[in-house]
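This report concerns only the one structure given below.
Computed from the coordinates by the stated procedures, all read-outs in this text should not be read as laboratory data. Here the structure is a predicted model, which is why all the values come from computation and not from measurement. Neighbour counts are summed over all protein chains in view; Cβ atoms, including those assigned to glycine, are modelled from backbone coordinates with ideal geometry.
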Amino acid sequence: MLDKIQLELLKEVADLDELPVGAVNIRANGKAEVRNSTANIEIVPKTDVSGIDIHIKPGTKNESVHIPVVVSKTGLKEVVYNDFYIGDDCDVVIVAGCGIDNCGGQDSEHDGIHRFRVGKNCKVRYIEKHYGSGTGKGKRILNPGTEVYLGENSTMEMEMTQIKGVDDTDRDTKAELAAGAKLTVRERLMTHNEQNAVSSYHVDLNGAGSSADIVSRGVARDASHQTLNLGISGNAKSSGHTECDSIIMDQARILAVPSLEANDPDSSLVHEAAIGRIAGDQLIKLMTLGLSEAEAEEEIIMGFLR
Amino acid sequence: MLELQNISFGVETEKGARDIIRDVSLKFEDDKFTVITGPNGGGKSTLARLIAGIEKPDQGRIIFNGEDITDLSITDRARKGISYALQQPVRFKGIRVVDLLRIASGKTISIDEACSYLSEVGLCAREYINREVNSSLSGGELKRIEIATVLARKTSLSVFDEPEAGIDLWSFQNLISVFEHMQKSYHGSIIIISHQERILNIADNIIVIADGRVKAQGAREEILPSLIGTDSAVNACSELSKGDQ
């Protein structure tokens, strides 16, 4: 049974108040608490390492898979491998995410490695939220690794969010796209206090007509530090866009490193990167509507990270 | 009632101190529609910013409904009932039209209520309510949303700084009908900084500011005839043809 803290974490990372319908695997403090396969989606535990294989049958439409992880034990460190095998012509939503509550003195760490092998003509939406809570001195560490192999004419939308409480994160996402495939990434990152976040993307546009749009929005507060590496290689006739947009506050530091590599004369690649404080006229506008400066800041940040 | 008492304001420039507003005293009666006009660089917008609290005067006092608000912040003045629409509406990434209307009204508002404010400024509410107030909106659309936020506040005083700035003629013609409608239906005082003849035409009172001083003030009938044909009362077409030259 999940305890109260675990249920709260579950709500934060997967918007779950109760068990979701469909395929589900809830991992709590290193072991599977709930596992449910469906006729089209089979979840099988790995035997060599920690983690699961998720097999989605070709032609599966309008189904979802929830695989949230919660860690509430101080000092727990785990590396988990989750492999998705998605057949051709699927239309599915995958909700992942990890919540760590650390009230103790030892570091807690969850490193989730997700690999997606997506067939042809699929539509996949992937939602991942990372959240930390607890007052202990032990750090809350999340190092997600994500690999995406998108088949011909498949699209994948990834929403990656880390808004609160994660002390240290090294996020590494790699993708390879076949002909006509399309990848969209919307990352939202907020760091506080002494937190450190590194987020790296590298997308290989291998097939003709493939495209990627990677947008990372971040807010760095207090003395936190963010490093964003957004890279795309155009290896065929393809188009790619990266955008890194950051609000910097207090004594925070941000390093944005966009990189574009064109290995084909027909690849068209664009990057945008901007770092700045909240604009003074934005604050003034909201203050003329009756908000205090601090309230105005919150509204601007909440909107920016929406 | 808003009263400016002997207001002076200056800025430091590379060439030394420069006076923008020089000993200005004005009274704005309740429920009146007042247009402040005058040549560019005369201090009109600064006056609006001083009223909203974005700038603080070097000398003089600002009295609003009997209370001295000179030292109050932008937020405190807003909460006391002063609304201010910026000359260049601000764009926000991620904040939607409905969010601005919610903040403006100071409470959670229903979609119906939000839509009614948008309809009042001539925007099809359903198309706009969930749009982000970002660069995808045109200057004219932003102005209307800016006005809608002021309407949503329902305050006793609203200040509009050059609503015609930065929009095309067609959008402006439409905007004037919004002000004409406001003039008839809005309960509260309205101050508009403008040199558009059509705005001056619907004013109760007109104030002319030039070189940081009040050059003239009084009822529209009294002031407007002397302004026609000057920089203080341009018609929209002449402004456009000037741009073509």
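Among the residues of the range B:51-73, write down those that are surrounded by fewer than 22 Cβ atoms within 10 Å (Cβ to Cβ) and part of a strand (DSSP E or B). Listed by number, the residues that qualify are B:59, B:60, B:61, B:63, B:64, B:67, B:68.
When residue A:80 is tested against (1) without any contact (Cβ under 8 Å) to a residue 24 or more places away in the chain; (2) of a type in the set (A, V, I, L, M, F, W, C); (3) assigned to a strand (DSSP E or B), only condition (1) is not met. There is at least one residue in the range A:224-235 that is more than 10 Å from chain B (Cβ to nearest Cβ) and either among the acidic types (Asp, Glu) or not in a strand (DSSP E or B) (or both). Residues that are away from chain A (no Cβ under 11 Å), assigned to a helix (DSSP H, G or I) and out of contact with any Leu (no Cβ under 8 Å at 6 or more places or on another chain) were ranked within the range B:148-170; the one that is farthest from residue B:111 (Cα to Cα) is B:170. There is at least one residue in the range A:293-305 that is free of Cβ contacts under 8 Å to residues at least 40 places away in the same chain and farther than 27 Å from residue A:129 by Cβ.
Selection over the range B:25-50 of residues that are surrounded by fewer than 18 Cβ atoms within 10 Å (Cβ to Cβ), within 15 Å of the chain's Cα centre (by Cα) and closer than 21 Å to residue B:230 by Cβ gives a count of 0. Checking each residue in the range B:1-50 for being among the polar types (S, T, N, Q), in a strand (DSSP E or B) and in contact (Cβ under 8 Å) with a residue 12 or more places away in the chain picks out B:5, B:6, B:8, B:25, B:34, B:37. Scanning the range B:97-115 for residues that are within 11 Å of chain A (Cβ to nearest Cβ), touching a residue at least 40 places away in the same chain (Cβ under 8 Å), assigned to a loop (DSSP other than H, G, I, E, B) and on the phi > 0 side of the Ramachandran plot turns up at least one hit.
Might you let me know whether the range A:99-109 holds any residue that is in contact with a His (Cβ under 6 Å, 6 or more places away or on another chain) and of a type outside the set (Gly, Ala, Ser)?
Here is the first cut: in the range A:99-109, the ones in contact with a His (Cβ under 6 Å, 6 or more places away or on another chain) are none.
Looking through the range A:99-109, none of the residues is in contact with a His (Cβ under 6 Å, 6 or more places away or on another chain) and of a type outside the set (Gly, Ala, Ser).
Among residues of the range B:32-66 being within 14 Å of another protein chain (Cβ to nearest Cβ) and touching a Leu at 6+ places or on another chain (Cβ under 8 Å), the one that is farthest from residue B:157 (Cα to Cα) is B:56.
How many residues, within the range A:294-306, are of a type in the set (Lys, Arg) and more than 10 Å from chain B (Cβ to nearest Cβ)? Show your work before the answer.
We begin by selecting, within the range A:294-306, every residue of a type in the set (Lys, Arg); these are A:306.
Those still in the list that are more than 10 Å from chain B (Cβ to nearest Cβ) too: none.
Of the residues in that region, 0 qualify.
One residue alone among B:83, B:135 is facing chain A (nearest Cβ under 8 Å) and in contact (Cβ under 8 Å) with a residue 24 or more places away in the chain, and that residue is B:83. Tallying residues that are within 18 Å of the chain's Cα centre (by Cα) and of a type in the set (Phe, Trp, Tyr) within the range B:51-97 yields 2.
Hey, any hits in the range B:232-242 for a residue that's part of a loop (DSSP other than H, G, I, E, B), closer than 25 Å to residue B:7 by Cβ and within 13 Å of the chain's Cα centre (by Cα)?
The first filter runs over the range B:232-242 and keeps only residues part of a loop (DSSP other than H, G, I, E, B), leaving B:232-233, B:235.
In the following step, the residues that additionally are closer than 25 Å to residue B:7 by Cβ were identified as B:232-233.
This time we only want the ones that are within 13 Å of the chain's Cα centre (by Cα), so: none.
No, the range B:232-242 contains no residue that is part of a loop (DSSP other than H, G, I, E, B), closer than 25 Å to residue B:7 by Cβ and within 13 Å of the chain's Cα centre (by Cα).
Condition check ((1) touching a residue at least 12 places away in the same chain (Cβ under 8 Å); (2) under 19 Å from residue A:161 (Cβ atoms); (3) charged (D, E, K, R)) across all residues:
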| residue | (1), (2), (3) |
| --- | --- |
| A:210 | yes, no, no |
| A:216 | yes, yes, no |
| A:239 | yes, no, no |
| A:243 | yes, yes, yes |
| A:255 | yes, no, no |
| A:264 | yes, no, yes |
| A:272 | yes, no, yes |
| A:278 | yes, no, no |
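Do we find that residue B:38 is farther than 22 Å from residue A:289 by Cα and in contact with a His (Cβ under 9 Å, 6 or more places away or on another chain) in this structure? When the stated conditions are applied, residue B:38 passes them. In the range A:1-26, the residues that are on the phi > 0 side of the Ramachandran plot reach residues that are of a type in the set (S, T, N, Q) and surrounded by 17 or more Cβ atoms within 10 Å (Cβ to Cβ) with C-beta atoms within less than 8 angstrom, at least six apart or across chains, in these pairs: A:22/A:38; A:22/A:64. On the stretch given as the range A:24-70, residues that are touching a Leu at 6+ places or on another chain (Cβ under 8 Å) and among the hydroxyl-bearing types (Ser, Thr, Tyr) total 0. Would you check if there is a residue in the range A:227-248 being among the basic types (Lys, Arg), buried (at least 16 other Cβ atoms within 10 Å of the Cβ) and within 23 Å of residue A:118 (Cα to Cα)? Yes, the conditions are met somewhere in the range A:227-248. Pairs linking a residue in the range B:138-150 that is surrounded by fewer than 21 Cβ atoms within 10 Å (Cβ to Cβ) to a residue that is charged (D, E, K, R), with Cβ atoms under 7 Å and 6 or more positions apart or on different chains, are B:140/B:168. Among residues of the range A:249-293 being within 14 Å of chain B (Cβ to nearest Cβ) and assigned to a strand (DSSP E or B), the one that is farthest from residue A:192 (Cα to Cα) is A:272. If you filter the range A:150-193 down to residues that are over 16 Å from the mean Cα position of the chain (by Cα) and assigned to a strand (DSSP E or B), you find that the one that is surrounded by the most Cβ atoms within 10 Å (Cβ to Cβ) is A:177.
Residue pairs, Cβ under 7 Å, 6 or more apart or interchain, first in the range B:205-218 and without any contact (Cβ under 8 Å) to a residue 12 or more places away in the chain, second not hydroxyl-bearing (Ser, Thr, Tyr). List them. Once the first residue is without any contact (Cβ under 8 Å) to a residue 12 or more places away in the chain and sits in the range B:205-218, its partners that are not hydroxyl-bearing (Ser, Thr, Tyr) give B:216/B:208; B:216/B:223.
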